[in-house]
Every structure is written in structure tokens, then in C-alpha cells.
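See below for the structure under consideration.
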Amino acid sequence: MEIKKICCIGAGYVGGPTMSVIAQQCPHIQVTVVDLNQERIAAWNDSNLENLPIYEPGLSDVVKEARGRNLFFSTEIEKAIHEADTIFISVNTPTKTYGKGKGLAADLKWIELCARQIAKVSTTDKIIVEKSTLPVRTASTIKDILKHTGNGVNFQILSNPEFLAEGTAVQDLLKPDRVLIGGDQSEKGKEAIQALVEVYERWIPRERVLTTNLWSSELSKLTANAFLAQRVSSINSLSELCERTEADISEVSRAIGTDSRIGPKFLKASVGFGGSCFQKDILNLVYICRTYGLTEVAEYWEQVIKINDHQKRRFATQIITNLYNTVNAKKITFLGWAFKKDTNDTRESAAIYVADHLLFEKAKLSVYDPKVTEQQMLADLDYLNTRSAQENQELVTVEQDPYEACEDSHAIAVLTEWDEFKDYDWQRIYDKMLKPAHIFDGRNILDKEQLEKIGFKVFSIGS
Ligand SMILES: NC(=O)C1=CN([C@@H]2O[C@H](COP(=O)(O)OP(=O)(O)OC[C@H]3O[C@@H](n4cnc5c(N)ncnc54)[C@H](O)[C@@H]3O)[C@@H](O)[C@H]2O)C=CC1
Ligand SMILES: O=C(O)[C@H]1O[C@H](OP(=O)(O)OP(=O)(O)OC[C@H]2O[C@@H](n3ccc(=O)[nH]c3=O)[C@H](O)[C@@H]2O)[C@H](O)[C@@H](O)[C@@H]1O
């Protein structure tokens, strides 16, 4: 069995970059990425590569090389499904906002819709690949829906979770630590696994392609994200203790990270983790554990989220306390809105929640982010539903120029670790601010000593 025609359902942060890299690395495979969202597909097809719907370093070069050759973006979903021998499902699986499992479980509505659509239009045998992050045992639901098509088509379900991180997606896809493929342990299942292994083997050393059973693969994805998020919450929880004891969290991170059993990565204290997945996947893990009656296990993982919420709230409170317990009508500047640097993604960004706390206290926010649009920032705040869209618009100003954003401000809060913030002319910024001028560095990226020399009052996380 050889994979020749791929259809990927979902042209988002995962579907777009993953399929672009597969197409670039495998010119013999035709890859069509489809989506219901016409605007998104039009942006993927835009002749100006600056207009791709996702900002990722290096992505436009990959798209430029493969698009029109063997990489296509389309809204003709049924046609692409019908023609493909392999279908990747890469649609969103957000936390449920209604009904049973509300606020915890993953909403699998879009996954089921995909399965039903595949069932409806398929006339030839296909491999179905779960690329979306899914609760363990979802493959059995997909199998069940596909089995009842009654048109004699054979489907093999594989789980191939994605481990890329935003901002480094292209590098992560070109040189992943590992690729994971889970499948049925039957002969047909093993054949399907092998077919997908051969795709990745084109550019990834074979020993980095791990194969497992379906359920281990599904659960490993949730586990990997839970472990990563847990490290961030662990270090963030200790940052608060550092602030009380004159220990310095950066020194503590370095000291423990040099132990090879702990390792240095993911120990950076921050204003709290964001992103579309850490919270959603841990909540989902908690829900699954509860479903199986594993109360203690569920409570263990829930704590990771509690600490993260605490860290975001704590940062906002620190700003209010240090601005003499009131921020009413005070201009506060946010540098950064994205959930991390080098992405335009703002989903679950700590900035949104810190902003919300400050807006409750009637602060006036001025925001600058090099990649996030004003429309997106306001949409993020409106989504919280804590005040009217009009109020958000009145209280929040979005600037294109960081120096203007800081003018006449009482305080600057760094919410995202964009590299450019380190190189600003901080004297120039200081001169135009109200005094005393405060900086709350939520990412510990600025040179505290230099800023203090200029005259700023500097507050960082965990020191
Ligand atoms: N964003 C990330 O960095 C990572 C995300 N994941 C997982 O990958 C999955 C996708 O995530 P993102 O790409 O971030 O989501 P996204 O929201 O950016 O993209 C999903 C796309 O699927 C489309 N879609 C939904 N239902 C559809 C249907 N029935 N037919 C056609 N198109 C449909 C939506 O219009 C949307 O454009 C999620 O399960 C997520 O947990 C996994 C690893 C990394
Ligand atoms: O399933 C997913 O969506 C992805 O989730 C994360 O990737 P991502 O959320 O894109 O970005 P990360 O680099 O993991 O950062 C997540 C959040 O944690 C924060 N973080 C990270 C590391 C750290 O030391 N400290 C810290 O505060 C970041 O600023 C960011 O807000 C995982 O790293 C990916 O492996 C996974 O595929």
C-alpha cells in the first residue's frame, strides 16, 4: 500500500503547516487541504505570501515551493475526500461549552461531522488519520460511524498526533523529536501504519518514527501536553515563593535544570501559559479520569490549571497593588498580546485574562503586538462576555507603534516575549511616561538593572 493522494480536513494552525511540509518533502504525493472556512482557504491561496492566514517563521517559503505543484487548498471538501486514499482529520477539538462535560470535555462535534462526511462520499478504501488531539478511545467512535456506511468500503484508522509548537512549527515538522503513529494491531492495521511510516521516512530518520497501538498514541498526546504544562505550573508556583524569600526563580530554574534527569527546557517562569491546547487538553484529561472514577488522578492534573489561573490573576493584582491600589482611568501599556512570541495566535493568551482583570478595575489599556490585529484583540475580550463590545472598544486602544503605545502611560506590562522588546530605546520610552514609571515584566526578558538605572520601577516574575 502506498499513499499517493492525501486530503486534510482543516486548514488551521496544524493542518496548514503539517500538510505544507509533507507536500514539500514528498513531491510524489498530491496533498489537498480543505476547510469550510472560505476566507481561510482564500488566504492560503493568496498570491501575496504575506497574507497566509497563519504567521509562522519559514512557512511562506515552504508554501511557495509546493503550492500549485502538489499542494492545494480548497473548499471542495467532498471532492477531495472522494479522490484521496488517505484522509487526515485536523479540525478543532475545543473544550465543550454546553451540555454534559461542559467546561471540561473536548467537543467532538466537528470530528463526528468529518467521519460522517467521509462515510457518505467514500467509494474506495481509505486510511483515516487522526491528526487532531482527541480523547483516548475516539478512534472507536470514528470506526463505528464508518463501519455503518454499508457501501463495502474498508477504512483503517490511525492516530498520528501532532507535537509541533507554534512559532517553531516549520522547524518542529522538519526535525521532530519523534513522530507517533498508532494503529490497529491486525495485519491490515499494520499495513496502514507502514504506509504512513513510509511518508515520514522521506525526511525523518526511521528510529524517530514510533509506532504503538491506537489507544497509547491517543493518550500519549494528552500526556505530553499535560507534562509540559505541569512543568510551567511547577516553576510558576515556585516563582511566588521566590518573591517572598529573595530566591530568584531564574537561578532556581538553572540550578535544577542542569540535573540531566530534570533537563533545562520548559522551566521559564511566566505570567502563565496560554495557547489553544494546554488548558483544553488537561481539562479533557481531567474529564476522562473522572469518567473512569479516578478522582485523585483527576484532582492531581486539575491543579496544573488552578496554578496557571492563579499566576495570571497574581500578575494583574501585582500591577494594581503597585500602582497604589487603583488603576482607575490610568493608562497601562501592554507589550504583546499573542500567547507566545513568533505567532499571531492569541487563543487562551494570558494577556486576555490580565487585561480583563485590569478592565474590571477601570484601567485604560493601550496595546501593541507586532503580529496581532486590533480586531483579534477586541474579539478576544468580547468573547469573555464580561462587558459590552462598546465598553471594550472605549477602554482599549491598539497602537501600531510601541513608542506611542507607551506615551503618557503609568505602567508597562510585558505579556509576550517578543525579541524586539529587548532592543527598544528604553530611555526614550521612560522620558515620555508618567512618573514613577513602572514596568511589570511578565516574561523576565528585559534587562532589569539597565531599566532601574534609567529610573524605572521594575517588577519581574519570581525575584
Ligand atoms: N494549534 C496547535 O499548535 C496544535 C493543535 N493541535 C490539535 O490540532 C487540532 C486542530 O487545531 P488547530 O489547527 O489549532 O485548529 P484551527 O481552529 O486553527 O483549525 C481547524 C480548522 O478546521 C476547520 N473545520 C472544522 N470542521 C470542519 C469540517 N467539518 N470540514 C472542514 N473544515 C472544518 C475549521 O474551519 C478550522 O479552520 C486540534 O485538535 C488541536 O488540539 C495539535 C498540536 C498543535
Ligand atoms: O498540542 C499543542 O497545541 C502543542 O502545545 C504546545 O505548543 P504551543 O502551545 O504551541 O507552545 P509552547 O511553546 O508549548 O508554549 C505554551 C505556553 O507555555 C508558555 N511557556 C512555555 C515554556 C516555558 O518554559 N514557560 C512558559 O510560560 C508559553 O509562553 C506559552 O504561553 C506543545 O509544546 C506542543 O508540543 C503541542 O503540539
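So here's what we get for this one:
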read-out: Where the stretch 306-463 is the region considered: accessible area per residue in Å², 1.4 Å probe; value: 44
read-out: Antiparallel bridge percentage (DSSP; both residues within the chain; nearest 5); value: 5
read-out: If the convex hull is drawn through the Cα atoms of the stretch 5-204, its volume per residue in Å³; value: 124
read-out: Sulfur and carbon atoms: percent of accessible area, the chain [1.4 Å]; value: 49
read-out: Rel. contact order, % - alpha carbon contacts under 8 angstrom, at least six apart, the stretch 5-204; value: 21
read-out: Kirkwood hydrodynamic radius of the chain, from inverse mean 1/r over distinct Cα pairs, in Å; value: 23.7
read-out: Cα-only Debye scattering, the stretch 216-359: base-10 log of I(q)/I(0) at q = 0.20 Å⁻¹; value: -1.30
read-out: Karplus 3J(HN,Hα) series, Hz, for the stretch 119-134 with 6.51 cos²θ - 1.76 cosθ + 1.60 (x for Gly, Pro); value: 4, 5, 9, 6, 10, 10, 4, 9, 9, 10, 10, 7, 9, 4, 7, 10
read-out: Local electrostatic count at residue 302 - Lys and Arg +1, Asp and Glu -1, tallied over other residues with Cβ under 12 Å; value: -1
read-out: Other-chain or far-sequence residues with amide H under 5 Å of residue 55's (modelled H); value: 344
read-out: Sparsely packed trypsin sites (Lys or Arg not before Pro) within the stretch 1-99, loop by DSSP, other Cβ within 10 Å at most 14; value: 4, 69
read-out: Computed over the chain: relative contact order in percent, which uses C-alpha pairs under 8 Å that are six or more apart; value: 12
read-out: Listed residue pairs exceeding 30 Å between alpha carbons, taken from 96/175; 330/371; 341/432; 102/175; value: 96/175; 102/175
read-out: Relative contact order (%) - the stretch 18-81, alpha-carbon pairs under 8 angstrom, separation at least six; value: 49
read-out: Nearest-ten-degree value, helix 15-25 long axis tilted from longest Cα axis of the chain; value: 60
read-out: Highest average packing first - 364-377, 317-330, 128-141, Cβ atoms within 10 Å; value: 128-141, 364-377, 317-330
read-out: 0 to 90° range, to nearest 10: angle between helix 350-360 axis and the chain longest Cα axis; value: 50
read-out: Highest-first arrangement of 17-30, 442-455, 213-226, where packing means the average Cβ count within 10 Å; value: 17-30, 213-226, 442-455
read-out: Placed amide H near residue 158: partners under 5 Å, 5+ positions off or other chain; value: 128, 129, 130
read-out: The stretch 45-52 - phi-based ³J(HN,Hα) in whole Hz, Karplus 6.51/-1.76/1.60, Gly and Pro as x; value: 8, 4, 5, 8, 5, 5, 9, 4
read-out: Peptides ranked, highest mean first, by Cβ atoms within 10 Å: ranges 246-255, 419-428; value: 246-255, 419-428
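The values are calculated or read from the model by the stated rules, or taken from the named source; none is laboratory data. Keep in mind that what you see is a predicted model, and the values were worked out from it rather than measured. Note that we place each Cβ from the backbone using ideal geometry, even for glycine, and neighbour counts take in every protein chain shown. Ligands, DNA and RNA are stripped out before the accessible areas are found, and what is left, the full protein with its side chains, is counted by its heavy atoms. Shrake-Rupley method; radii C 1.70, N 1.55, O 1.52, S 1.80 Å.
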